[in-house]
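Let me begin by presenting the structure, written as C-alpha cells, before commenting on it.
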Amino acid sequence: MFEYSKRLTYMKSELLDLCTSSVNSQNRFHEFALLLQNYLEQHFHIHHCCFLFYDGEAALKPFYVHSSVQVDYQQMKKIYFNSFLSQQKVVDITDVEQGFPFNHMVFIKESHFDKYGVVFIQSSPEWLTFLQSDFFEDFINCVSKVFYLINEQMEIRQNENQYRKLYNMTDLFHSTMDIDFILENMLITIQENFPNLDVELILSNDQDRQTKLQIKPFDYLSERPTTIQAFVSGEITIEQAFDLNRCLLNAPINGRQAIYGILQVSAPISYVFSNAQKDFIRLLAHTSGNALENAKLYRQSHRLIRDLQLINETSHHLNKLLTLNEMFLFLQKQVMQHFQPMELCFVLKEGNEYKITEATTDFFKTEESTVYIQHVVKHFESSQDSLFIADFSRIVGKEILFKSIMVIPMIVEQRINGFCIVLHHEPYFFSFDSFKLLQSLIHHSSLAIANLVLRNQLQEMVNQDYLTKLYARRYLDRFIERSLENDRSGMFLLIDIDNFKLINDTYGHQVGDDILVQIGNQLNKIIGTSGICARWGGEELAIYIPNISEDEAENIATELLRTIPQATNPTVTISAGLVFWNHEQRPDFHSIFLQADTALYNAKENGKNQVCVFNGSFPSHQ
C-alpha cells in the first residue's frame, strides 16, 4: 500500500506541475496524455492505450494516440456510447469482438464537469491489482481534476484568442468601407483559427463585382439544400456531405437588412464542430455581414449619386443632338463606359421589323448573334418586360459564347420602339443594381429618341411632296441656296408637263396624279443620288444637281426629254428650262429661278417637247 501511495504522490506532483505550466501553453492535452501514458507504462506495465475526448456534442475525438496496434475509432466510439450512462469509472470490455486491442475503458470526469475524457487500455496484472486498491478512486479524481483544469484553461485561452481577433477585425471593419478588405479579412480570420479546414465564400448575385477574391456566386438552382436553408433561414446548418466526403458548415453572412451570402467551412467527413466553434463562426459571419452591409450602403449612396449624374448628363446631351445616329452612338459610348459589356447592340423598330442601328459592336453583325436577337424579339412579342439573364446557356440548353445578358426595351406610350442588348462572357457578370441603372438610363433616353424620330418624320412630311414623294419646293430652295455658296458649279432644270390640263379633262384628275408620280419616279431613276428632284408646284417639277459640267447637264436634260414619254401612261411630253452656272459666273439665289422660268417659257412658246438652255439674255433650244 505504501508503494501505491508513493506512486500516486509522484504522479500528483507531475500533474500539478503540468497544470500550472499549462497557463502559458497552447496545448497541454498532448502532454497530459503523454504523462499519463508514461505513468501507466512505468507503474502498471500498460503498453497500449488510447486517449479520447468527448465534448458533449456526440463527438469523440482523439487528442493523443500512441499505440503499436491498429486503432478502430468507430468500434471505440460504439463501445463508449454504449457505456456512456454507466456510473462505473472503469468498464470491462473484454467481451467485444475478437481482435480489439483494449479490454478496459476508464472514464475521466469531474463530478460537476459535463465533459468526459476516456482512456482505452490493454490491462496488466499490476493494473488489475491497482483497481482493487483504495488508491484507485484518488487516482481517477486527481486525473479528472487536472483534465478539467487543463480543458478550462485551454478553452479560456482559445476563446480569448478568437475573440481578440474578432474584436480586432471588428475594429478594422468599422474603419473601412472597402468590401474587398472586409471579405478578405473574414477569410483570413477563419483560416487562422481553423487552419486545417477549407473556407469558401458564396455570395448572392447582387454583390459588387470589383473583388479579386475567389468568390462563388449563390445559385438557387445548383446549391445544396442545406446551403439554401441557411441562406433563407439565417441560421447555421451542418451537413454530412457523403458525396464530397466532407462535413459542411454553412453560416449566413447577415446584416440588419438582408442576408448577403454564405460562409461555408468544409471539414473532413468525421469532423464535429463544437458549440464554441459554431458560436465563433456565427459571430464572425454576423460581424462581417454588418460591415459588408455598411460598406454596400456607403458604396450604393455614392453609386446613386453617380447614377443620377449619368442620367442627367445623358438626358441633357441627347436633347442637344440633332440626328438619331448621333444619339445612339452617344448612348453606346455611355453604356460601354459605365457597364463594361463585351458586346452591345441598339435595335430600332420600324413598322413590324427590328433593324440594327450603327451603334452596334461587330459581334451583332455576324450570324452568331442571331440566337440572342431572335430570343429577345420573341420575348417582346408577348411581353414588354426587360430581361436580366445571369446564364443564358441554361435557357438555350447548350454552351454559348456570351452568358450574361441585359435587355432593356425602349417604350413610349406603351409601345416598344426598339431595345438595347448588352452581353458578357462570364455568367452573373452584371449586378442587379447595374440592371436597374441601365433600365433607368434607357427609359430616360427613350423619350428623347422617340421625339427625334417623330421630329424627323414631321420634317420629312414638310420636306416631301405628299403625292410624288419628291422634295418640296421649300427644301429645294434651301438646297440650292447652300450649293450657290459652297459648290463650284450646278444645274437647275425647271420642267412643265405639256398639255397637262387636257390629261385631267380627258382622263380625270386621278390619272393626272398617276402621271405626276410616274414622272417623279423617272426623275429619281435618272438623277439618283447626284442631285435632288422636287415638285415645284402643280404640274411643274424641278431638278438641281451640284458640281456638274455643262455638257453633263445638257445630256441629262436630253435623256429626260427622251425617256419620260416612254415612262408615262398615257404618254406625255415635257418642256424644260435649263440653267447652268460655274464659279466664274455664279448667279444670285433669285435670278437662277427667273432664268429657268424664262427658258421654260421660251421652250413652250417654240412648240413644247423640248429643252431650252438659258444663255445670257436669250435661251437656246434643244
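The values are calculated or read from the model by the stated rules, or taken from the named source; none is laboratory data. What you are looking at is a predicted structure, and each value in this text was computed from that prediction instead of being measured. Please note: Cβ atoms are built from the backbone with ideal geometry, for glycine as well, and neighbour counts cover all protein chains shown.
Evaluate the following for ALA251: is it crowded, with 21+ Cβ neighbours inside 10 Å, at pLDDT below 85 and assigned by TED's automatic domain parsing to the domain that holds LEU187? No, not satisfied.
Pairs please, first residue from the stretch 433-448 and on the phi > 0 side of the Ramachandran plot, second anywhere and modelled with pLDDT under 85, Cβ atoms under 7 Å, 6+ apart in sequence or on different chains. Pairs found: none.
If the condition is being under 19 Å from VAL611 (Cβ atoms) and of a type in the set (A, V, I, L, M), then the stretch 516-531 contributes ILE519, LEU523, ILE526, ILE527.
Have a look at GLY520, GLY531 and point out the one that is in the same structural domain as PHE479 (by TED's automatic domain parsing) and either in contact with a helix residue (DSSP H, G or I) (Cβ under 8 Å, 6 or more places away or on another chain) or under 13 Å from PHE492 (Cβ atoms) (or both).
Numbers: GLY520 fails: either in contact with a helix residue (DSSP H, G or I) (Cβ under 8 Å, 6 or more places away or on another chain) or under 13 Å from PHE492 (Cβ atoms) (or both).
Residue meeting the stated conditions: GLY531.
Selection within the stretch 350-406: residues that are basic (Lys, Arg) and assigned to a loop (DSSP other than H, G, I, E, B). The member of this set that is nearest to THR323 (Cα to Cα) is LYS403.
Of GLY520, GLY512, GLY490, GLY528, all but one fail to be surrounded by fewer than 18 Cβ atoms within 10 Å (Cβ to Cβ) and not aromatic (Phe, Trp, Tyr); the exception is GLY528.
Quick check on ASP171: is it within 30 Å of PHE280 (Cα to Cα), in the same structural domain as HIS47 (by TED's automatic domain parsing) and at pLDDT below 65? Criteria not met by ASP171. Taking the criterion of being part of a helix (DSSP H, G or I) and either touching a strand residue (DSSP E or B) at 6+ places or on another chain (Cβ under 6 Å) or more than 22 Å from ARG474 (Cα to Cα) (or both), the residues of the stretch 575-596 that qualify are ILE592, GLN595, ALA596. Against the condition within 57 Å of the chain's Cα centre (by Cα) and within 20 Å of ALA596 (Cα to Cα), how does GLY537 come out, does it pass? For GLY537, the condition - within 57 Å of the chain's Cα centre (by Cα) and within 20 Å of ALA596 (Cα to Cα) - is not met. Would you call LYS469 under 52 Å from the mean Cα position of the chain (by Cα), surrounded by fewer than 17 Cβ atoms within 10 Å (Cβ to Cβ), closer than 22 Å to GLU343 by Cβ and modelled with pLDDT of 80 or more? It is false that LYS469 is under 52 Å from the mean Cα position of the chain (by Cα), surrounded by fewer than 17 Cβ atoms within 10 Å (Cβ to Cβ), closer than 22 Å to GLU343 by Cβ and modelled with pLDDT of 80 or more.
Screening GLY520 with (1) touching a Ser or Thr at 6+ places or on another chain (Cβ under 8 Å); (2) outside any helix (DSSP H, G or I) gives one miss only, at (2).
Filtering MET410, MET461 for residues that are at pLDDT below 90 and part of a helix (DSSP H, G or I) leaves a single hit, MET461. Close Cβ contacts (under 7 Å, 6 or more residues apart or on different chains) running from residues in the stretch 296-312 that are of a type in the set (Asp, Glu) to residues that are modelled with pLDDT of 70 or more comprise ASP307/LEU437.
One line per residue, one yes/no per condition, for (1) small (Gly, Ala, Ser); (2) not in a helix (DSSP H, G or I):
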| site | (1), (2) |
| --- | --- |
| SER530 | yes, yes |
| ALA542 | yes, yes |
| ALA557 | yes, no |
| PRO570 | no, yes |
